[in-house]
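In what follows, a single structure is set out as structure tokens and then discussed.
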2 protein chains.
Amino acid sequence: MSVGDLLRAPRLTVVNVGLAEFSAPAQAAGAEVTELDWRPPAAGDAALGWKLASLVGDPAIDDANRRVLERVLAVQPRWVDVRPAAEVLPSLAEQRLLLHAGPPIGWERMCGPMRAAVLGAALLEGWADTPERAELLAATGKIEFAPCHDFAMVGPMAGIISASQPLIVVEDAVTGLRAYSNLNEGRGRCLRYGALGDDVLHRLRWMSDRLGPSLQAAVRSLAEPINLKTVIAQAVQMGDECHSRNNAASALLTRQLAAPLARQTDLGGIEALEFLAGNDYWFLNFSMAAGKLAMTAGHGVDRSTVVTAYARNGVEVGLRVSGLGQEWFTAPAPPVDGLYFPGYGPGDANPDIGDSAIAEVYGLGGFALAAAPAIVGFVGGTTQDAVRTSVDMGAITVGRHRDVQLPALEFAGSPVGIDVRAVLDSGIRPAITTGIAHRTPGIGQIGAGITHMPVDCFLAALRAFPGES
Amino acid sequence: MSVGDLLRAPRLTVVNVGLAEFSAPAQAAGAEVTELDWRPPAAGDAALGWKLASLVGDPAIDDANRRVLERVLAVQPRWVDVRPAAEVLPSLAEQRLLLHAGPPIGWERMCGPMRAAVLGAALLEGWADTPERAELLAATGKIEFAPCHDFAMVGPMAGIISASQPLIVVEDAVTGLRAYSNLNEGRGRCLRYGALGDDVLHRLRWMSDRLGPSLQAAVRSLAEPINLKTVIAQAVQMGDECHSRNNAASALLTRQLAAPLARQTDLGGIEALEFLAGNDYWFLNFSMAAGKLAMTAGHGVDRSTVVTAYARNGVEVGLRVSGLGQEWFTAPAPPVDGLYFPGYGPGDANPDIGDSAIAEVYGLGGFALAAAPAIVGFVGGTTQDAVRTSVDMGAITVGRHRDVQLPALEFAGSPVGIDVRAVLDSGIRPAITTGIAHRTPGIGQIGAGITHMPVDCFLAALRAFPGES
């Protein structure tokens, strides 16, 4: 029997390990080929490979990771308040401090959209009256910068949080932990995408003067705070993955707030309802604050290899690991595979940016992609691709959500708790759904798509993990 | 080669037509068996079978059905107004007329929940001051009855529409057609399920006095009427099939109405928003009115075998066919396979009831079940069962929605336009998702589940269709 005969024999199945090119001859001959997407562990680094092998299956690590997962899942993120950022963190006003997305970065290294957002925030706070004067302040060290994550805060895209911005306050009653995000500006020309102009500033001022106060009064008037995990669980039954698609959660939250907001006529409640009626991204910042709160509860467990934060400043991306303290393990920010608005293309795109990937760290976004196949269409994918992504992510997590369930996977919990070991052992990179900002300051959003966390962050974390290598 | 050898040979595939028992020996021998769920055409009626054979593939019928589909899909159901029912149909007040769900039925033959709803409506309208006096009126011919469908109206469950109830008015701008439904009371103890009591009447009075007027003012204040098909299309991306699950559509519609309602403080707008925040069934009656409008546009095309209405009065179910005038082709109402609230079981259940199956006729409900796998859990089914149901329904329809797409089927349009021929030729009965009412008057909803349209309705329609048999 020749190889050709063999390949043409009924039901012959070929398993191809490694390069996809090797499959072609077998497929041409009619065989059923299963591509085994095998990559060498620890990205082929031999010394790290031995270290990884010693950590995989380590019962102390497994146990630490289980404890992290239990802490994360136990958090009930309740939306308890809306407050101006300077009330939560006075140094924002007192020290001219601006918070930004991602790992630490100074003005000199900031990408275009983040610089534009810095200028916008300086104008918003009245620190300067022209973008040029604002730039002078920033370039001469008259503005301080720090990551949002340093203060249990998260901001999408550029993630610039300044003194007068209203913040969502989320609290876990049992641990007493709190986390924060700013309010979502909607789509189109927004500060977070680095758009700059009177329209952007006008909206931000209205958000500080009217939206924030009316929301504060409304949320304080509720008999019980809204549990955001309940909203997330419902929304994941309704086509959201609560990172790049928030249509259901936004509508559910707005419906719940409608009567309390309607009572705040003098503070701007009706304007707020008009704004919310058109903002399908409204819930994103709530999802992020909830994720930050839950992952903060899971941070600081000795020997745990679970990722508790992943964030991008548009130049670098970085992750934190529960058992590895406050260090960011970084890599250059990758590009985003996406659908571009008419007139734009990959050459216009800023690399991956924003704190919003805390959603993925919390088992939403790319991990819950099976719930939101509409997103995959952005990159020419199918519903089956979306389902497969959630299945793949289940191979690199330490467990599954109990309340947040994926209908397309027969209501299995969404995978949660990225294990550094599993990522390096499998070669499966965590998927992220995200928006795309123009790299030039002042323009704004030009698309949306999917990217992945670079393996180098995980290698850096593995290097830092206690143990021989 | 023995039969055993044959069965053990690789890739042998057995197609079993008919009784499932015949598959067992082949399966035991390791063969891959495809069960062909074959049933004799026209339910085994030989004469009708010949007639059916002459109609299947008839190009004149195919053409008529295509025209029906185009008319149905062309309808843009815009929500233009809310008006008291007696303004739309004065005889409701002038002649003490009550409309009911399903084909025509008199007081003597009405089921328990419909009788209870009649008594409640008589109390609501002030025709009697006790249920006993109301019953005397009904039993002595002092109340007139007619089907909702006679007036382009539809009511869920008992479907009792009386003079003071506010009606949703839906209009298609091109044809000028209008259709109507009443407002949804929410879940729990409701008139439509035959619950009776001060709580039920109190809510209905509030709906007439406050909800209706505030909604009327809000909807009239919109710059553009809301296109309900747009809401349906979004909701089917969000886990709704817009019959038994309306969570997304209800939230979307409420969000859109929130600011306009908030402005109607004096008329009850804020109370309305409180009510809407807790009503996940709110959109059902809008879905029904939209479906009735679209199917009315498709009715009356000569030679068409497309079902344009299917409705149940709790005793009988009946359907209308585009090419067969106003006649109802009826059969006894079937039971519903469902999940019961604690303390109730199938013995307590009224047979299938309500006009709401107009949703299925319009390609929603069971036809869009792939979008709403949560519903299938009611009857112990899986997500795959839900997907399969939509696939099966595609075999008995004349086409697919363009705007209403099913994510789980790679965004294929939901199947729409039930073809009497295809149902009888395939033996596939149309699936219906529905609520379950207690058979005893006055109790209300006791569960929810899935049922099917009986084949006898389709046989009756085939008998009436012009042609030899």
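Could you list, in sequence order, all residues of region B:220-254 that are closer than 25 Å to B:Gly435 by Cα, of a type in the set (A, V, I, L, M) and more than 8 Å from every other protein chain (Cβ to nearest Cβ)? Matches in region B:220-254: B:Leu228, B:Val231, B:Ile232, B:Ala233, B:Ala235, B:Val236, B:Ala249, B:Leu253. Residues in region B:236-260 that are outside any helix (DSSP H, G or I), within 19 Å of B:Lys292 (Cα to Cα) and of a type in the set (S, T, N, Q): B:Ser244, B:Asn246. In region B:359-369, is there at least one residue being within 14 Å of chain A (Cβ to nearest Cβ) and crowded, with 19+ Cβ neighbours inside 10 Å? Yes: region B:359-369 contains one or more residues that are within 14 Å of chain A (Cβ to nearest Cβ) and crowded, with 19+ Cβ neighbours inside 10 Å.
Against the test of being within 17 Å of the chain's Cα centre (by Cα), more than 30 Å from A:Leu406 (Cβ to Cβ) and not in a helix (DSSP H, G or I), the options B:Ala223, B:Ala173, B:Ala179 yield a single qualifying residue, B:Ala179.
This table checks each residue for (1) in the same structural domain as B:Ala272 (by TED's automatic domain parsing); (2) within 29 Å of B:Gly365 (Cα to Cα); (3) buried (at least 23 other Cβ atoms within 10 Å of the Cβ).
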{"residue": "B:Asp129", "(1), (2), (3)": "yes, no, no"}
{"residue": "B:Leu136", "(1), (2), (3)": "yes, no, no"}
{"residue": "B:Pro156", "(1), (2), (3)": "yes, yes, yes"}
{"residue": "B:Ile168", "(1), (2), (3)": "yes, yes, yes"}
{"residue": "B:Thr175", "(1), (2), (3)": "yes, yes, no"}
{"residue": "B:Leu191", "(1), (2), (3)": "yes, yes, yes"}
{"residue": "B:Gly197", "(1), (2), (3)": "yes, no, no"}
{"residue": "B:Arg205", "(1), (2), (3)": "yes, no, no"}
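Only helices (runs of 4 or more DSSP H) whose full extent lies in region A:267-378 are considered here, and the ones with at least 2 residues that are within 23 Å of A:Val423 (Cβ to Cβ) are A:284-297, A:358-361, A:373-376.
A:Gly112 passes every criterion in (1) touching a Pro at 6+ places or on another chain (Cβ under 6 Å); (2) buried (at least 23 other Cβ atoms within 10 Å of the Cβ); (3) not β-branched (Val, Ile, Thr) apart from (2).
Within region B:234-248, is there a residue that is of a type in the set (A, V, I, L, M) and over 22 Å from the mean Cα position of the chain (by Cα)? No, region B:234-248 contains no residue that is of a type in the set (A, V, I, L, M) and over 22 Å from the mean Cα position of the chain (by Cα).
In region A:255-271, what count of residues is obtained for those that are facing another protein chain (nearest Cβ under 8 Å), under 15 Å from A:Arg220 (Cα atoms) and within 31 Å of the chain's Cα centre (by Cα)? Adding up the residues that qualify gives 5. Give all pairs with beta carbons closer than 6 Å in which a residue from region B:272-285 that is facing chain A (nearest Cβ under 9 Å) meets a residue that is outside any helix (DSSP H, G or I) and of a type in the set (S, T, N, Q); count only pairs at least 6 apart in sequence or on separate chains. Listed by first residue and then by second, the contacts come to nothing, as the list is empty.
When the criteria are applied in full, A:Phe378 meets the requirement of being surrounded by fewer than 24 Cβ atoms within 10 Å (Cβ to Cβ), on the phi < 0 side of the Ramachandran plot and in contact (Cβ under 8 Å) with a residue 40 or more places away in the chain. Of all residues in region A:173-180, one or more are under 18 Å from A:Leu98 (Cβ atoms) and in contact (Cβ under 8 Å) with a residue 24 or more places away in the chain.
Among residues of region A:404-430 being surrounded by fewer than 22 Cβ atoms within 10 Å (Cβ to Cβ) and touching a Phe, Trp or Tyr at 6+ places or on another chain (Cβ under 8 Å), the one that is farthest from the other protein chains (Cβ to nearest Cβ) is A:Gly427.
Taking (1) within 11 Å of chain B (Cβ to nearest Cβ); (2) more than 30 Å from A:Ala223 (Cα to Cα) in turn, A:Val317 satisfies each apart from (1).
Here region A:346-355 is the region considered, the condition is being closer than 11 Å to A:Ala437 by Cα and out of contact with any Phe, Trp or Tyr (no Cβ under 8 Å at 6 or more places or on another chain), and the residue that is surrounded by the most Cβ atoms within 10 Å (Cβ to Cβ) is A:Ile353.
Looking at A:Ala235, is it in contact with a helix residue (DSSP H, G or I) (Cβ under 6 Å, 6 or more places away or on another chain), of a type outside the set (Phe, Trp, Tyr) and under 26 Å from B:Gly269 (Cα atoms)? In short, no.
Could you check region A:324-382 and list, in sequence order, the residues that are of a type in the set (Val, Ile, Thr) and farther than 18 Å from A:Cys148 by Cα? Answer for region A:324-382, where residues must be of a type in the set (Val, Ile, Thr) and farther than 18 Å from A:Cys148 by Cα: A:Val336, A:Ile375, A:Val376, A:Val379, A:Thr382. The residues of region A:379-402 that are more than 14 Å from every other protein chain (Cβ to nearest Cβ) and either part of a strand (DSSP E or B) or of a type in the set (Lys, Arg) (or both), listed by number, are A:Thr397, A:Val398, A:Gly399, A:Arg400, A:His401, A:Arg402.
The values are calculated or read from the model by the stated rules, or taken from the named source; none is laboratory data. Since the model is a prediction, treat every value here as computed from it, not as a measurement. With ideal geometry, Cβ positions are generated from the backbone for all residues, glycine too; neighbour counts draw on all protein chains shown.
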